[in-house]
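Everything below concerns the one structure shown next.
Values quoted throughout were computed directly from the atomic coordinates according to the rules given, and no laboratory measurement underlies them. If you're wondering where the values come from, they're calculated on a predicted model, not measured in any experiment. Here the Cβ positions follow ideal geometry from the backbone for every residue, glycine too, while neighbour counts run over all protein chains shown.
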């Protein structure tokens, strides 16, 4: 910021030799060079681990474990990708994670948008309380209810007369438990989108004889479509990345989600000392690419959603 | 619901109509909220109540006899029992991790936010790049760093020894003196860009003419930072710090990927998870959960009272 104000605005200061130097082309470049050095440093810091993951994923297993290290693989290969994708638990994990995160996102969006409609467009007693409840849920430590969730999920629990089914070691366990962090967040962010819409749109629809439900899905929902995309993506990422519940509620390798699979690659010999880092890095690249793609395409929207969820909250 | 479409009655009955409409609106609002509230009740509030109840029982997954009420015994065990030293060290480890990461993330995040807030070529790219570490799963980030920190074949030891920063390769993860620093490095790398983005959102609402006026009055860059930027950024800083602190206190993924549940490098969350899922001691685990909940609540209270103090100034 400092440099921007320095160069962009003409400043009312007595002209000196240093000012002439600052205005010259060479002077400007020299003055800004520490700044650009900082920019490059930030780029390298943020991206180097990705470079290293990609480099390792294309390096043959033999070359990975020899010193001195090759920073650029001399014999690039797809072998690691083949190994990763040949592991059936990894392929299953991609499917499982997509199903779990997709279902959680759809459920959160569909019931969350109804709640956001009520909270954003209606005035009623108890509204403040519900908003407060949702906000406190978004900062709720999930570990605090792990034991209770564990009993509920393993079907050892009877509420009144309803005997809940045993869903331990199934995708349902994850879909159920992930709602605890996706739903309150979805409600909170969508409410802020709902409140930002102008009043007169709705009123025009009411004058034309629309019911509140028609107003919701014919007028308001199309208008907050960008908000739905953003919130949905954020909920999807949160569910896709979750580890604690997956580790606690899933045992069967065929039910693994992506984070579980990434930590469960073992070497073909079964030795715990020889970790197959090439295959792990290939798997890392495979699961990271779609996320990077989605983030780059929707970056402006994500920023808007994050700030609506955090800063304004 | 179709009653809304009836033509608007004459103004004489306006008052009666509005209360009736109000009542109908309230009923509809609660109806819209119902699914979300039911989910929150089932996945969060009921389990929380159950956890508190379980913490007073000796519930055990492996025990054959039904659990019974044992009063405060779990809490007594937690504070003075044979396991209490492990719990205390887990709490201390978590707090150290929180202070280190939140501190670094705030300082580095602020520097990055100030850099990105100035206009330069590649600013848009930089913002997109910053979202990427945030979007990938923590487990994936931890695996990438675990490989980079490998004692024999890791790039950090390789680069360090080549540049003569390190005299000899370090076992970053397994030696106690660097283990915490290694985990912190992952979290700082993954989360600093996110902190920067939240602070950037705060920076962008500071009116530019304040800086112009300060410039005219001859204030230096440093004075502008201390007298304009920092005070006006304070609300964004506080909210960011609260979110980061609460997140850091429940850290699980990075530690688990790096160390598993080794006793000397446990966090509160890992200790709790291994008690409940590993040992099946749900009752004692619930007491640990309640303790964690209280510790986190304590931090919230500290922050909120600090916010009040600064708001009064």
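Can you compute the helix-only [θ] at 222 nm over chain A? Use -39500 (n - 2.57) per DSSP H run of at least 4 residues, normalise by all residues, nearest 500 deg cm²/dmol.
-21500 deg cm²/dmol, from helical runs alone.
Suppose each label sits 7 Å from its Cα in the direction of the beta carbon; what would the residue B:34-residue B:264 distance come out to in nanometres?
Modelled inter-label distance: 5.8 nm.
Using Cα pairs under 8 angstrom and six or more residues apart, how large is the relative contact order of the range B:73-312, in percent? Don't jump to the answer; show the numbers that get you there.
Numbers: 219 pairs, mean separation 70.3, N = 240.
Value for the range B:73-312: 29 percent.
Mean residue ellipticity at 222 nm from the helices of chain B, using -39,500 (n - 2.57) per DSSP H segment of n ≥ 4 over the full residue count, to the nearest 500 deg cm²/dmol?
-22500 deg cm²/dmol
Gaussian network model of chain B, Cα springs within a sub-10 Å range: biggest mean-square fluctuation belongs to which of B:94, B:240, B:229?
The residue that fluctuates most here is B:229.
Is there a simple number for the mean count of other chain Cβ atoms within 10 Å of the Cβ of residues in A:112-121, and what is it?
4
Taking the Kirkwood radius as the inverse of the mean 1/r across Cα pairs, report the Rg/Rh of the range B:83-136.
1.26
Let's test this: bin the Cα-Cα distances of the range A:195-264 at 5 Å from zero up to the farthest pair and state each bin's percent.
The distribution over the range A:195-264 is 3, 14, 17, 12, 9, 8, 8, 9, 8, 7, 4, 1, 0, given as percents.
Taking the Cα atoms of the range B:72-212, report the difference between the largest and smallest coordinate on each principal axis, in whole Å and largest first.
63, 49, 25
Whole angstrom only: what separates the Cα centroid of the range B:250-300 from the Cα centroid of the range B:36-70?
About 17 Å separates the Cα centre of the range B:250-300 from the one of the range B:36-70.
Between A:223, A:30, A:41, find the one with the highest GNM mean-square fluctuation for chain A; connect C-alpha pairs within less than 10 Å.
A:30
May I ask for the Rg/Rh ratio of the protein assembly as shown, computed from Cα atoms with Rh as the Kirkwood radius, given to two decimals?
Numbers: Rg = 27.2 Å, Rh = 27.2 Å.
The Rg/Rh ratio comes out at 1.00.
Mind running the shape call on the range A:120-222? Use the C-alpha gyration tensor, a ≥ b ≥ c as the square roots of the eigenvalues: rounded below 1.5 for a/c, prolate if a/b tops b/c, oblate otherwise.
In terms of gyration-tensor shape, prolate.
For a quick check: sort B:146, B:96 by the number of other beta carbons within 10 angstrom, fewest at the front.
Placing the least packed residue first, the sequence is B:96, B:146.
Could I have the simple spin-label model distance between residue A:25 and residue A:172, label points 7 Å from Cα toward Cβ, reported in nm to one decimal?
Distance between label points: 7.2 nm.
Given the peptides B:51-60, B:298-307, B:130-139, arrange them by the average over their residues of other C-beta atoms within 10 Å, most packed first.
B:130-139, B:51-60, B:298-307
Could you order the peptides B:148-158, A:145-155, A:60-70, B:24-34 from most to least packed, using the average number of other C-beta atoms within 10 Å per residue?
My ranking of the peptides, most packed first, is A:145-155, B:148-158, B:24-34, A:60-70.
So what are the three principal axis dimensions of the range A:169-313 from its Cα atoms, in whole Å, longest to shortest?
Ordered largest first, the range A:169-313 gives principal extents of 73, 31, 25 Å.
Please report, to one decimal in angstroms, the Kirkwood hydrodynamic radius of the range B:224-313 built from all distinct Cα-Cα pairs. Show your work: numbers first, answer last.
Numbers: mean 1/r = 0.0649 Å⁻¹.
Its Kirkwood hydrodynamic radius stands at 15.4 Å.
So how many Å³ per residue does the convex hull of the Cα atoms of chain B work out to?
Values: hull volume 88.5 nm³, N = 313.
Dividing the Cα hull volume of chain B by its residue count gives 283 Å³.
So what is Rg over Rh here for chain A, counting just Cα atoms and using Kirkwood for Rh?
1.10
Sorting B:140, A:107 on the 10 Å Cβ count, fewest up front, what's the list? Before the final figure, lay out each step's value.
Details: B:140 27, A:107 20.
Ordered from fewest to most neighbouring Cβ atoms within 10 Å, B:140, A:107 come out as A:107, B:140.
Which whole-angstrom value gives the distance between the alpha carbon centres of the range B:83-134 and the range A:105-142?
Here the two parts' Cα centres lie 29 Å apart.
What average number of partner chain Cβ atoms lie no more than 10 Å from the Cβ of the residues making up B:118-131?
Neighbouring Cβ atoms belonging to other protein chains average 5 per residue here.
Anyone know which of B:204, B:223, B:266 comes out most mobile in the 10 Å Cα GNM of chain B?
B:223
Counting only other chains, what is the mean number of Cβ atoms within 10 angstrom of the Cβ of each residue in peptide B:202-209? It would help to have the intermediate numbers written out before the result.
On the way: counts 2, 1, 1, 2, 1, 0, 3, 0.
Per-residue shielding by partner chains comes out at 1.
Dividing the convex hull volume of the Cα atoms of the range A:43-114 by its residue count, what figure in Å³ per residue is obtained?
Spread over its residues, the Cα hull of the range A:43-114 gives 124 Å³ apiece.
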